[in-house]
Amino acid sequence: MHLVRYAEADRPPAVGLLRDRVITPLSEVATMADLLQLGHAELRRLAEEPAAVASADVASVRLLPPLDGRGEVWCAGVTYARSRGARMEESAEQSVYDKVYAADRPELFGKAPAWRVVTDGEPIGIRADSGHDVPEPELAVVVNAHGETVGYTVCNDVSSRSIEGENPLYIPQAKVFAGGCALAPGIRPEWEVPDPTDLEITLSVRRDGAEVYEDSTSTAQLARSLDDLVDALCAANDFPDGVVLATGTGIVPELDFALRAGDVVDIAVEQVGRLRNTVAVGKQPFGWLAEGTTRPELEEIR
């Protein structure tokens, strides 16, 4: 089961349960923000006891990013040994990454407001002024307005290695740009994932129909607990419409690999979901996000 936002022709977006390719609307809430304002127990009750309303085949609707309203996406950095090593390898200031990996306080940064997020089948972006960009596949924790973990999804924290490597203070520019944040459309409820600390994460990149990069890792390699990351994020922030916290990546390609326009990036997190996107360059392909206009046609990805 997944909690989803979806759109049908000529109707406002709605929230529902996706199970076996059938969506059952959650008639008690109009938006994902409404759902994430509920406490864990009430949200679970609503998800497990949906009202008897008409259902729809998933093929007849369009799935949307699982965040709306004042929702935000944040990220945790340098939470895997592989990430620490890669950051040190690329950076002119290596010691900062070694220190933050073992520090009491985690690295946390804002990634995107809800309106800037793209989802499965939509393009992801890389900066036109970067030249060395990579996908970062991550387990993302979905947190309600009360600071409770209510589910999980898949995040691609697309990043510029060249900009971050030039100076760690450039991290916002290396991380926050048009098309740089993608979330899978479904939220897998927390109670359906018995052990989120032992999930396989896989990444594949295809170029001109051929696989040019693949790797995998496990959340068992996380150096910090999910609860500690959520507690650190919520210690000084309120998220009235919920927040998604991507928990860092354990997959970083070698320095001789970089994304190109047209690459197809495929990420899967065991028990949670899958996310596929095609790479576009620059901010022009993402003008529809800022304008709030119709989302582009979904690209058929093979």
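The values are calculated or read from the model by the stated rules, or taken from the named source; none is laboratory data. Keep in mind that what you see is a predicted model, and the values were worked out from it rather than measured. All Cβ positions, even for glycine, are placed from backbone atoms using ideal geometry, and neighbour counts span all protein chains on display.
Between ALA112, ALA128, ALA102, the distinction of being aliphatic (A, V, I, L, M), surrounded by 17 or more Cβ atoms within 10 Å (Cβ to Cβ) and in the same structural domain as PRO168 (by TED's automatic domain parsing) belongs to ALA112 only.
Filter the stretch 221-260 down to residues that are assigned to a loop (DSSP other than H, G, I, E, B) and touching a residue at least 24 places away in the same chain (Cβ under 8 Å), then give me how many there are. So the answer is 21. Against the conditions (1) surrounded by fewer than 18 Cβ atoms within 10 Å (Cβ to Cβ); (2) within 20 Å of LEU298 (Cα to Cα), GLU49 satisfies every one except (2). Screening LEU67, LEU36 for residues that are within 21 Å of VAL150 (Cβ to Cβ), touching a helix residue (DSSP H, G or I) at 6+ places or on another chain (Cβ under 7 Å) and at pLDDT 95 or above leaves exactly one candidate, LEU67.
Close contacts from the stretch 269-291, counting a first residue that is touching a residue at least 60 places away in the same chain (Cβ under 8 Å) and a second that is aromatic (Phe, Trp, Tyr), with Cβ to Cβ under 7 Å and a gap of 6+ residues or different chains, come to VAL272/TYR152; LEU289/TRP115.
Among the candidates GLY273, GLY262, GLY292, GLY287, the residue that is surrounded by 19 or more Cβ atoms within 10 Å (Cβ to Cβ) and among the small types (Gly, Ala, Ser) is uniquely GLY273. If you go through the stretch 223-235 and keep only what is out of contact with any strand residue (DSSP E or B) (no Cβ under 8 Å at 6 or more places or on another chain) and at pLDDT 95 or above, you end up with SER225, ASP228, ASP231, ALA235. Looking across ILE163, ILE187, one residue alone is touching a strand residue (DSSP E or B) at 6+ places or on another chain (Cβ under 7 Å), of a type in the set (Val, Ile, Thr) and assigned by TED's automatic domain parsing to the domain that holds ALA140. It is ILE187. Please work out which one of (1) of a type in the set (Phe, Trp, Tyr); (2) outside any loop (DSSP other than H, G, I, E, B); (3) in contact (Cβ under 8 Å) with a residue 60 or more places away in the chain; (4) touching a Ser or Thr at 6+ places or on another chain (Cβ under 9 Å) is the condition TRP191 fails and give its number. Of (1) of a type in the set (Phe, Trp, Tyr); (2) outside any loop (DSSP other than H, G, I, E, B); (3) in contact (Cβ under 8 Å) with a residue 60 or more places away in the chain; (4) touching a Ser or Thr at 6+ places or on another chain (Cβ under 9 Å), only one is false for TRP191: (4). Residues of the stretch 162-175 include at least one that is closer than 17 Å to ALA76 by Cα, of a type outside the set (Gly, Ala, Ser), touching a residue at least 12 places away in the same chain (Cβ under 8 Å) and crowded, with 21+ Cβ neighbours inside 10 Å. Checking SER204 against (1) surrounded by fewer than 23 Cβ atoms within 10 Å (Cβ to Cβ); (2) assigned to a helix (DSSP H, G or I), which test does it fail? Against the list (1) surrounded by fewer than 23 Cβ atoms within 10 Å (Cβ to Cβ); (2) assigned to a helix (DSSP H, G or I), SER204 comes up short only on (2).
Would the stretch 138-158 turn up any residue that is β-branched (Val, Ile, Thr) and in a loop (DSSP other than H, G, I, E, B)? Yes, there is a match, as at least one residue in the stretch 138-158 is β-branched (Val, Ile, Thr) and in a loop (DSSP other than H, G, I, E, B).
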